[in-house]
1. Looking at this structure, is residue 160 open to solvent by less than 50 Å² (accessible area, probe 1.4 Å), more than 15 Å from residue 216 (Cα to Cα) and modelled with pLDDT of 80 or more?
2. Hey, residue 170 hits all of (1) open to solvent by less than 30 Å² (accessible area, probe 1.4 Å); (2) touching a Leu at 6+ places or on another chain (Cβ under 7 Å) but one; which does it fall short on?
3. Regarding region 167-174, can at least one residue be identified that is of a type in the set (D, E, K, R), under 30 Å from residue 51 (Cα atoms) and in contact with a helix residue (DSSP H, G or I) (Cβ under 7 Å, 6 or more places away or on another chain)?
4. Is there a residue in region 204-217 that is in a helix (DSSP H, G or I), under 22 Å from residue 11 (Cα atoms) and within 19 Å of the chain's Cα centre (by Cα)?
5. Residues that are open to solvent by 50 Å² or more (accessible area, probe 1.4 Å), hydroxyl-bearing (Ser, Thr, Tyr) and over 30 Å from residue 173 (Cα atoms): does region 66-74 have at least one?
6. From (1) under 30 Å from residue 131 (Cα atoms); (2) buried (at least 17 other Cβ atoms within 10 Å of the Cβ), pick out the condition that doesn't hold for residue 96.
7. For region 174-196, what are the residues that are of a type in the set (Val, Ile, Thr) and either over 30 Å from residue 6 (Cα atoms) or open to solvent by less than 70 Å² (accessible area, probe 1.4 Å) (or both)?
8. Of all residues in region 1-45, which are over 22 Å from the mean Cα position of the chain (by Cα) and buried (at least 18 other Cβ atoms within 10 Å of the Cβ)?
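The values are calculated or read from the model by the stated rules, or taken from the named source; none is laboratory data. All of these numbers come straight from a predicted model, not from anything done at the bench. Neighbour counts are summed over all protein chains in view; Cβ atoms, including those assigned to glycine, are modelled from backbone coordinates with ideal geometry. Quick note on the areas: whole protein, heavy atoms, side chains included, nothing else; ligands and nucleic acids left out. Shrake-Rupley method; radii C 1.70, N 1.55, O 1.52, S 1.80 Å.
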Amino acid sequence: MFRKFLVVVFTILFAVGSVSTIFLTETYGTLKNRDFYTEKLAPEGYDLMIHELAESLSEEVFTDLSIDEVVEVLKDDVSKDDFSVLLGTFYDDLNAAVVEDGELMITISFADLPEDLIFTFEVGEDIEGNFVEYISGIFNMFISVVWAFLLLLLALIALVVLKPWHKILKAELGAIFVASLLLSISALSFLFLPVPDLNIFSFFVELVVKDVSTRILLYAVPVLFLAAAGRFALNRYIKGLDAER
């Protein structure tokens, strides 16, 4: 009885831990993907960005024009392709940022400006070189440690069950099934989660969540069905063994 309790505990820990880690990894992957900004954020967020910029400019610059008129002016000057190129340039500049003497220097280049915009931030003396690569190294190390712990949980499940082999396999498939089920349900829930107060920030979050959830579902659902099929086949095998005794 105590062994079954430990298997349940380790299974829950594995499921929750793996789902959280996968979401974290996929979110980081989306934020690191240049195409997300140039091919998704730029075209889908174009109208919202132009409208919010128009609202700001109509109060400070184009005081004699309505918001709709300012929108038309901006759209004549900045197309969707221009917006995509702008985000791509901004992404490249951020990824090229380096740290020297404890200062992070970010150079933003725009075609219509005579000089680049340079921003500096204090980040600490222990960081040197490309800042994005430094962050990526820390993140990858953290994820590797977490996955090592999750694999350890699977090993502990096997040690608790101990024998025979088919019961070990059944317990392992059970942990994978629960994890993939929780992952699929979570991804589906996030995919259809309503987003109130649509603004730049909420739109960006919604776009990231949908991109992450869609990508996760592409492999979570197949793994779920494979784990379920494996458990079903294994149960039939175990019943066959019991019938022969």
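1. Here the answer is yes, as residue 160 does meet what is asked.
2. So the condition that residue 170 fails would be (1).
3. So the first thing to find is which residues in region 167-174 are of a type in the set (D, E, K, R), and the list is 167, 170, 172.
Cutting the leftovers down to under 30 Å from residue 51 (Cα atoms) gives us none.
The answer is no; no qualifying residue exists.
4. Yes - at least one qualifying residue is present in region 204-217.
5. yes
6. (2)
7. The answer is 176, 178, 195.
8. Passing the criteria: 7, 10, 11.
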